[in-house]
1. Output the peptides 111-118, 9-16 sorted from most to least packed, where packing is the average of other Cβ atoms within 10 Å over each peptide's residues.
2. Using DSSP to define loop residues, name the GluC sites (Glu not before Pro) in the stretch 66-120 whose beta-carbon has at most 10 other beta-carbon atoms within 10 Å.
3. May I ask for the angle, rounded to the nearest 10°, between helix 84-107 and the longest principal axis of the chain, with both axes built from Cα atoms and the value confined to 0 to 90°?
4. Eight or more residues apart or on different chains, and alpha-carbon atoms under 20 Å: count the Lys pairs in the stretch 85-144 matching that.
5. Can you give the FRET efficiency for Gln145 and Val26, using 1/(1 + (r/R0)^6), R0 = 35 Å, r = Cβ-Cβ distance, to the nearest 0.05?
6. Checking the a/c ratio against 1.5 first, then a/b against b/c, what shape does the Cα gyration tensor give for the chain?
7. For the chain, what does the helix formula give at 222 nm: sum of -39500 (n - 2.57) over DSSP H segments with n ≥ 4, over the residue count, nearest 500 deg cm²/dmol?
8. For the ranges 18-25, 50-57, what's the packing order if you count other beta-carbon atoms within 10 Å of each residue, average per peptide, and put the highest first?
Amino acid sequence: MTRGSPVKPWLLLIYKIPREPAAGRVFVWRKLKQLGAIALQDAAWVLPGSAKTREQLQWLAAEISELGGDATLLSAEQLYATDAEAMKRQFVEPVEAEYREILAALAGKDRDLSALSKRFQQVQARDYFASGLGPKVRERLLKAQGGTAS
């Protein structure tokens, strides 16, 4: 974390789910990837703590229970198994790479503004550390759509 900023707690979801049917395991994996969670181990995933991520993981824990599994949601100020900055980078780097891809696509001639806007919203939902590229992408999208950035 950066010096002077408040410590952001981490949320850890640890779960067990029956191997069969495999669709349940795939559903949980896809949902975690959609949220931008990082796997610490096979069934131990982490997200930066916020009211939104807590609610999303609580819903997922309930769905895991409905699939016949068990889920535990923990909050931690630090993850001792890893460096906090390295953990943060695992969330920041993919988001910034996707923002740069959107910017590159906006510079192209055959751009699909609707698809790029949707992709921006998906990336923004995983931008847990408020990348400085997010507002730039938003501004470029608005310009491309003929609007003005506010």
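1. Going by the mean number of other Cβ atoms within 10 Å, highest first, we get 9-16, 111-118.
2. Glu77
3. Rounded to the nearest ten degrees, it is 40.
4. 5
5. With a Förster radius of 35 Å, E is 0.45.
6. oblate
7. One gets -17500 deg cm²/dmol as the mean residue ellipticity at 222 nm.
8. Ranked by mean Cβ neighbours within 10 Å, highest first: 50-57, 18-25.
Each value in this text was obtained by applying a stated rule to the coordinates, not by laboratory testing. None of these values were measured; they are calculated from a predicted model. Virtual Cβ from ideal backbone geometry, glycine too; neighbours counted across all protein chains shown.
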